[in-house]
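The values are calculated or read from the model by the stated rules, or taken from the named source; none is laboratory data. From a predicted model like this one, the values you see are computed outputs, not experimental measurements. Note: ideal-geometry Cβ built from the backbone for every residue, glycine included; neighbour counts use all protein chains shown. Note: accessible area is taken over every heavy atom of the protein model, side chains too, but ligands, DNA and RNA are not part of it. Shrake-Rupley method; radii C 1.70, N 1.55, O 1.52, S 1.80 Å.
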Amino acid sequence: MTTESENKASDKGAEPDDKLRGWFAGRLPGDWFTAPADVTVDREELSVIGRLPDPETRSGATDAERSEAADGRIRRFREDTRDHRIQIAREAEHKFGRKVSWGVTCGDRSVMFTTLSVPVMTRLRQPQRLVLDTLVDAGVARSRSEALAWCVRLVGQHEDSWLADLREALRHVEQVRSEGPGRREV
């Protein structure tokens, strides 16, 4: 039997995101997803995305048939788990101080059930505003705000490895800070 002080001692070296992901791994029902859920963390939101088992379709099924089967599986999961997901989200929001968003992947489809849209204030000079205005004028986006979101998504898609390296470097910086002088003992 472990005591609370032994648990706290083993948590000292753990990253906050690791604790959070571990909490979800223990809290989510084991039969919901085919693999551990992917939990993405930022300052305001926790996104929990799980993979559903692909629905069985007849051999020789068309792409449209497989797509509709996946859509049906996703809708059924969303309805059947709604109350339980809300309960887990409330616990997580209370424990971690962030909103929880849910999504699933089934076949080649990914669907977010809930998301949080957070306004971000920025100051742009005329050359950057002209880029946004060009996207609006071309019909790519309806507003400067939507154009900026489009640009951020595009950078994220094309710079995944660079962003991953940057995030890893930030994790190392945070670890060094936590081990340095003046750190607080919990």
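Just a few scattered comments:
- Of the residues making up region 170-186, those that are within 27 Å of Arg123 (Cα to Cα) and open to solvent by less than 70 Å² (accessible area, probe 1.4 Å) number 0.
- Matching option when the condition is in a helix (DSSP H, G or I) and within 18 Å of Asp31 (Cα to Cα), among Arg85, Arg90: Arg85
- Every listed requirement among (1) without any contact (Cβ under 8 Å) to a residue 60 or more places away in the chain; (2) surrounded by 12 or more Cβ atoms within 10 Å (Cβ to Cβ); (3) in contact with a strand residue (DSSP E or B) (Cβ under 6 Å, 6 or more places away or on another chain); (4) not in a strand (DSSP E or B) is met by Ala35 save one, (2).
- Filter result for Ser117 (within 23 Å of Leu20 (Cα to Cα) and at pLDDT below 95): yes
- When Lys99 is tested against (1) of a type in the set (Lys, Arg); (2) surrounded by fewer than 16 Cβ atoms within 10 Å (Cβ to Cβ); (3) within 26 Å of Ala147 (Cα to Cα), exactly one condition is not met: (2).
- Whichever residue in region 121-143 is β-branched (Val, Ile, Thr) and free of Cβ contacts under 8 Å to residues at least 24 places away in the same chain and, among such residues, is nearest to Asp38 (Cα to Cα): Val140
- Qualifying positions in region 40-73 - outside any helix (DSSP H, G or I) and of a type in the set (Ser, Thr, Tyr): Thr40, Ser47, Thr57, Ser59, Thr62
- Flag: Arg171 does not match the condition of being among the charged types (D, E, K, R), within 25 Å of the chain's Cα centre (by Cα), farther than 23 Å from Pro16 by Cα and assigned to a helix (DSSP H, G or I).
- Applying the set (1) open to solvent by 70 Å² or more (accessible area, probe 1.4 Å); (2) part of a loop (DSSP other than H, G, I, E, B) to Leu116 leaves exactly one unmet item: (1).
- Residue match in region 139-158 (condition: at pLDDT below 85, part of a helix (DSSP H, G or I) and open to solvent by 90 Å² or more (accessible area, probe 1.4 Å)): yes
- Test: residue in region 60-76 that is within 30 Å of Arg167 (Cβ to Cβ), surrounded by 13 or more Cβ atoms within 10 Å (Cβ to Cβ) and of a type in the set (A, V, I, L, M): yes
- Selected residue [over 30 Å from Glu174 (Cα atoms) and touching a Lys or Arg at 6+ places or on another chain (Cβ under 6 Å)] from Phe77, Phe33: Phe33
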